[in-house]
1. I'm checking my understanding of the structure. Among residues of the range 198-217 that are touching a Lys or Arg at 6+ places or on another chain (Cβ under 8 Å) and charged (D, E, K, R), which one is modelled with the lowest pLDDT?
2. Answer with yes or no whether R64 is charged (D, E, K, R) and over 23 Å from H171 (Cβ atoms).
3. When you check A138 against the structure, is it closer than 23 Å to L217 by Cβ and more than 12 Å from the chain's Cα centre (by Cα), yes or no?
4. G205 - would you say it is in contact (Cβ under 8 Å) with a residue 40 or more places away in the chain, at positive phi and of a type in the set (G, A, S)?
5. Tell me which residues, restricted to the range 4-38, are of a type in the set (F, W, Y) and free of Cβ contacts under 8 Å to residues at least 40 places away in the same chain.
6. Which number in (1) surrounded by fewer than 22 Cβ atoms within 10 Å (Cβ to Cβ); (2) over 21 Å from the mean Cα position of the chain (by Cα); (3) in a strand (DSSP E or B) marks the one condition that L310 misses?
7. If we keep just the residues of the range 141-167 that are hydrophobic (A, V, I, L, M, F, W, C) and more than 25 Å from L200 (Cβ to Cβ), which is farthest from the chain's Cα centre (by Cα)?
Amino acid sequence: MPNAIVLGSGLVGAVMAADLAADADFRVTIADARPDALERAQRWAGGRLRTVVADLSDPAAVARLAGEHDVVLGALASRLGFRTLRAVIEAGRPYCDISFMPEDALDLDGAAKARGVPAVVDCGVAPGMSNLLAAFEAGRLDECERIDILVGGLPRERRWPFEYKAGFSPHDVIEEYTRPARFVERGEVVVREALSEPELIDFEGVGTLEAFNTDGLRSLARTMTVPNMKERTLRYPGHIELMRVLRATGLFGHDPIDAGGVKVRPIDVISALMFPMWSYGPGEADLTVMRITVEGVRGGRRERRTWDLLDHLDPATGWTSMARTTAFPCTAVARMLASGRITTPGVLPPELLAGDEPLVRELLGEQEKRGVRYAHRVEAA
């Protein structure tokens with residue numbers, strides 16, 4: 001019986017642990033520094049978890065915990081992602097991670113290969129399923145010319161002033177609004193300002209949303225040779241302009257400023273004021289919308305191949321859509337790591353798994369069993 005540990009008991013980590021604990025083939029531990037977060041995870045899992053209070057900002061603590069388990073799942077904030085990945089690799093344990101780390105995880109590929117460790121990174125919904133399905137469809141074309149990814153997690157009910165709530169770490173949301181966005185245009189990597197080039201797009205079942213540039217393309221820019229690739233985030237119209245105003249004011253800054261004789265970081269002030277308004281209340285409904293469009297040539301004809309996701313909060317469990325759609329790909333891959341289905345050593349972004357069609361179908365099927373359904377269509381471009 002595999003021993004699994006989930007590092008981080010936030011909204012996504014708690015769902016990961018509960019999903020694995022429902023499997024009689026696993027013994028599951030969850031670690032976090034916050035006892036209240038661990039209590040929530042234990043409640044969601046029906047008491048089937050072992051909980052550990054631990055400082056996961058300490059790589060030595062991470063390595064120790066990882067070494068005590070057969071497979072490790074990472075659900076920590078982006079600022080901890082890279083050091084956690086390195087610690088798990090050094091512990092020699094298979095790893096599956098969802099953190100939106102600002103560093104390039106592929107920089108640790110050599111270390112993972114040297115230790116014989118398969119480490120699947122960015123294994124959520126986006127990045128994650130977005131990478132996997134984009135690469136899967138690109139591989140079905142004779143020539144792939146364009147990949148376009150649109151994704152957003154939103155409250156089902158729009159409320160002033162933000163018309164937004166965070167389905168994962170609010171600090172990581174702010175990262176999306178400040179980190180420069182990397183795209184591929186005509187075969188070259190280009191950089192655009194985050195929140196730039198807004199575009200209104202209609203989605204059935206949701207309405208009109210606003211797409212803007214974010215740095216979600218990530219490893220695809222290195223691992224795939226497609227001349228045009230872009231990832232954009234979706235919000236309700238109006239949210240982007242408000243975030244641009246806050247950013248321009250300097251409220252997302254990390255350098256301390258003098259405020260009435262007191263040194264404060266603007267990001268800490270705006271976080272204390274804004275994040276409580278970005279938190280979902282119990283049972284408050286959210287949705288996840290994603291569209292992955294791949295265009296190219298197959299058999300001499302131009303094709304457009306599309307995957308669509310529209311998912312809502314699960315009323316039976318109370319788990320948010322963003323938590324479910326992010327957690328379930330990671331737990332499915334963790335099961336594959338534990339069973340030996342995935343053994344290739346190295347840092348593995350999801351697109352590197354896309355050449356295995358049965359694996360892709362299995363990942364989609366495991367999510368469909370849990371109510372997360374991706375719709376596929378192919379049409380002339």
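The values are calculated or read from the model by the stated rules, or taken from the named source; none is laboratory data. In this text, all values refer to a predicted model and were calculated from it rather than measured experimentally. All Cβ positions, even for glycine, are placed from backbone atoms using ideal geometry, and neighbour counts span all protein chains on display.
1. Going through the range 198-217, the residues touching a Lys or Arg at 6+ places or on another chain (Cβ under 8 Å) turn out to be 199, 203, 209-217.
The next check asks that each one be charged (D, E, K, R); those that pass are 199, 210, 215.
On the way: E199: 96, E210: 96, D215: 88.
In this case the residue turns out to be D215.
2. Working: charged (D, E, K, R): yes; over 23 Å from H171 (Cβ atoms): yes.
Yes, satisfied.
3. On the way: closer than 23 Å to L217 by Cβ: yes; more than 12 Å from the chain's Cα centre (by Cα): yes.
Here the answer is yes, as A138 does meet what is asked.
4. On the way: in contact (Cβ under 8 Å) with a residue 40 or more places away in the chain: yes; at positive phi: yes; of a type in the set (G, A, S): yes.
Judged against the criteria, G205 is a match.
5. Quick first cut of the range 4-38, residues of a type in the set (F, W, Y) only: 26.
Those that are of a type in the set (F, W, Y) and free of Cβ contacts under 8 Å to residues at least 40 places away in the same chain: none in the range 4-38.
6. Going through the list (1) surrounded by fewer than 22 Cβ atoms within 10 Å (Cβ to Cβ); (2) over 21 Å from the mean Cα position of the chain (by Cα); (3) in a strand (DSSP E or B), L310 breaks only (2).
7. If we filter the range 141-167 for residues that are hydrophobic (A, V, I, L, M, F, W, C), which is where we start, we get 141, 144, 147, 149-151, 154, 160, 162, 166.
Within this subset, residues satisfying the condition of being more than 25 Å from L200 (Cβ to Cβ) are 141, 144.
Values: L141: 26, C144: 25 Å.
The selected residue is L141.
For (1) without any contact (Cβ under 8 Å) to a residue 40 or more places away in the chain; (2) assigned by TED's automatic domain parsing to the domain that holds E295; (3) assigned to a helix (DSSP H, G or I), each residue gets a yes or a no:
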| site | (1), (2), (3) |
| --- | --- |
| L76 | no, no, no |
| R79 | no, no, yes |
| R86 | yes, no, yes |
| E90 | yes, no, yes |
| P102 | no, no, no |
| D109 | no, no, yes |
| A112 | no, no, yes |
| A134 | no, yes, yes |
